[in-house]
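The values are calculated or read from the model by the stated rules, or taken from the named source; none is laboratory data. Predicted model only: the values in this text are computed from it and were never measured. Positions of Cβ are backbone-derived with ideal geometry, glycine not excepted, and every protein chain shown enters the neighbour counts. We work out accessible area using only protein heavy atoms, side chains counted, and drop any ligands, DNA or RNA first. Shrake-Rupley method; radii C 1.70, N 1.55, O 1.52, S 1.80 Å.
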Amino acid sequence: MNFVEELRWRGMLHDIMPGTEELLNKGMVSGYIGFDPTADSLHVGSLAQIMTMIHFQRAGHKPFALVGGATGMVGDPSGKSAERNLLSEDALQHNLAGIRGQLEKFLDFDCGANSARMVNNYDWFKDFSFLNFIRDVGKHITVNYMMAKDSVKNRIGGDTGMSFTEFSYQLVQGYDFYYLWKHHNCALQMGGSDQWGNIVTGTELIRRKDAGEAFAITTQLIKKADGTKFGKTEGGNIWLDPEKTSSYKFYQFWLNTSDEDAKTYVRIFTLFDRETIESLEADQDAAPHLRTLQKALAKDITIRVHGEAEYEKAIKSSEFLFGNTGIEFLNELNDAEVLALFEGVPNFNISLNDLANGIAAVDLLAASTSVFPSKGEAKKMIAGGGVAVNKVKINTADDVYNKDVLINGKYLVAQKGKKNYFLIIAE
RNA sequence: GGGGGGAUACCAGAGCGGUCAAAUGGGACGGACUGUAAAUCCGUUGCUUCGGCUACGAAGGUUCGAAUCCUUCUCCCCCCA
């Protein structure tokens, strides 16, 4: 398998430094990608970089995952229009641990020569004094060179300014590359296309400091066809951590991919080969309403991230919530089964007494539970016809609900819009 | 250190004594259509016991009445040194 070829046909390749392909074809190469520790979990946006590493390792190369304990303290100005908030050291350590745990699931850390490795740049920066840094590293790169980077130009031209700290970021990242090159024979850095400038500062540093040679590959940033940001939904980011984004929500995220995006995403986020993808696409084009692509995509990623069992649960929940199954189906299930079906769906507990005398829809959804943040909003949305209880639309905000509507004597299913479900448990 | 400009809802941005819970655009959410798609069209976008209440950087003041005027403070930007 040819790594660059693989990226190319999958449409992932953005830019590649001359000579890189030749180097990779000669034999095993060590390469790295840096991950930003701004949260304690990676999200689907980072998944593209993880996929790059997986391909890299499958092609017989040795991947290094760098978690940026040091760079995380500084903040990357790339793509940011304003100065970042700095993370505390505690928060950073916590985030690093979470990310390490996730990366371990995707890469093989025990397969001989090309086993993946995890490194933390804090290890080589923590005892590197400021004076030594500006003497040994800063001396080699001119301010002129640094100022020419787009990420810097944009910020200097903008109106929020840029601190010296963020300005230094590219040097810090550049030194990472130098360090890995020097100590781990790491000749290639990969990253999203917004990282090109930072990566090149690294190859430049390697050349000027040690007259060495290092290479760069960047991948396409994931965009949606409609131009909006990839990886966000009403609920916010889609995380890989099931505590933050349930496997059901995760599955739903991919299932809801638009037709257009699905074609690019199967290439980027699955390991299906070319024939498989083309045949899936043919199926999709023949019968778009079946959403063959979305289902294959969602299945593959959900299993890889959360495992087979979680995928099965997500499917069951999805089929019940979006399929033709009537709400009465719940009557046939025992409590454990109901809860399993609604795992990943937000739930609320209310007391049976609340229902004893009947409760108005608004109070049920905005007071007894937090389906809505305020009564006003609940009323508006009910008036707009966007709210349902037990799959039946609420007509007016004053509609009264009592024990009779409970499914299984205990459950109520509220729907806000078409896709947002809530389980209300009365006991 | 001197001079100037600014801070308005999620964001951008109008308003410059009452008719302002605040134009417009974007975003977000909801509806219709569909395939849990895209595009399109429509609606909503401070809280409320529907009497009101809290809001235009913060605190005071003027006024019957302030986002709008005055004072002080905080922060941001620009120019000069």
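Compute the FRET efficiency between residue A:145 and residue A:370 as 1/(1 + (r/R0)^6), taking r as their Cβ-Cβ distance and R0 = 35 Å, and round to the nearest 0.05. Please report the intermediate quantities before stating the final value.
Working: r = 53 Å, r/R0 = 1.52.
E between residue A:145 and residue A:370, to the nearest 0.05, is 0.10.
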Just to verify a number: FRET efficiency for residue A:332 and residue A:90, C-beta to C-beta distance, R0 = 51 Å, to 0.05? 0.55
Percent of alpha carbon pairs in region A:266-307 separated by more than 12 Å? 57
Three principal axis extents, largest first, for the C-alpha atoms of region A:27-106, in Å? 41, 26, 21
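Where the only charges are on Cβ atoms (+1 Lys, Arg; -1 Asp, Glu), what is the dipole of region A:246-322 about its Cα centre, to the nearest 20 debye? Numbers along the way, then the final one.
On the way: 10 positive and 14 negative charges, 69 e Å.
Taking the Cα centre of region A:246-322 as origin, the dipole is about 340 debye.
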I'd like the FRET efficiency for residue A:243 and residue A:208, computed as 1/(1 + (r/R0)^6) with the beta carbon distance as r and R0 of 41 Å, rounded to 0.05. 0.35
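When ligands, DNA and RNA are left out and all protein chains stay put, how many square angstrom of accessible area per residue does region A:327-426 have with a 1.4 Å probe? If you can, show how the numbers build up before the last one.
Values: 4850 Å² over 100 residues.
I get 48 Å² per residue for this part.
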Would you work out which of A:262, A:322, A:279 lies farthest towards the positive end of the dipole of region A:234-359, given +1 charges on the beta-carbon of Lys and Arg and -1 on that of Asp and Glu, about the Cα centre? A:262
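If you count only protein heavy atoms with a 1.4 Å probe, what accessible area per residue comes out for region A:131-235, rounded to a whole Å²?
Values: 5170 Å² over 105 residues.
Ligands and nucleic acids excluded, the figure is 49 Å² per residue.
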Net charge near residue A:230, counting Lys/Arg +1 and Asp/Glu -1 over other residues with Cβ under 9 Å of its Cβ? +3
Descending semi-axes in whole angstrom, ellipsoid equivalent of region A:246-322, from the Cα gyration tensor: 20, 14, 10
Helix hunt in chain A: which complete DSSP H runs extend at least 20 Å axially by C-alpha with mean Kyte-Doolittle at least 0.0? A:44-58, A:292-306
Run the quick spin-label model on residue A:395 and residue A:339: label points 7 Å from Cα toward the beta carbon, then report their separation in nm to one decimal. 3.7
Taking just the C-alpha trace of region A:35-177, give me its Rg and Dmax in Å. 16.4, 51
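Can you give the extra length, in nm with one decimal, that the chain gains between residue A:28 and residue A:2 once fully stretched, where that is 0.36 nm per residue apart less the Cα-Cα distance?
Values: separation 26, 0.36 × 26 = 9.36 nm, distance 1.15 nm.
My answer for the length gained is 8.2 nm.
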Region A:18-40-region A:291-311 distance, computed between alpha-carbon centres (Å): 27
Multiply the residue gap between residue A:97 and residue A:194 by 0.36 nm, knock off their C-alpha separation, and tell me the result in nm, one decimal place. 32.4 nm
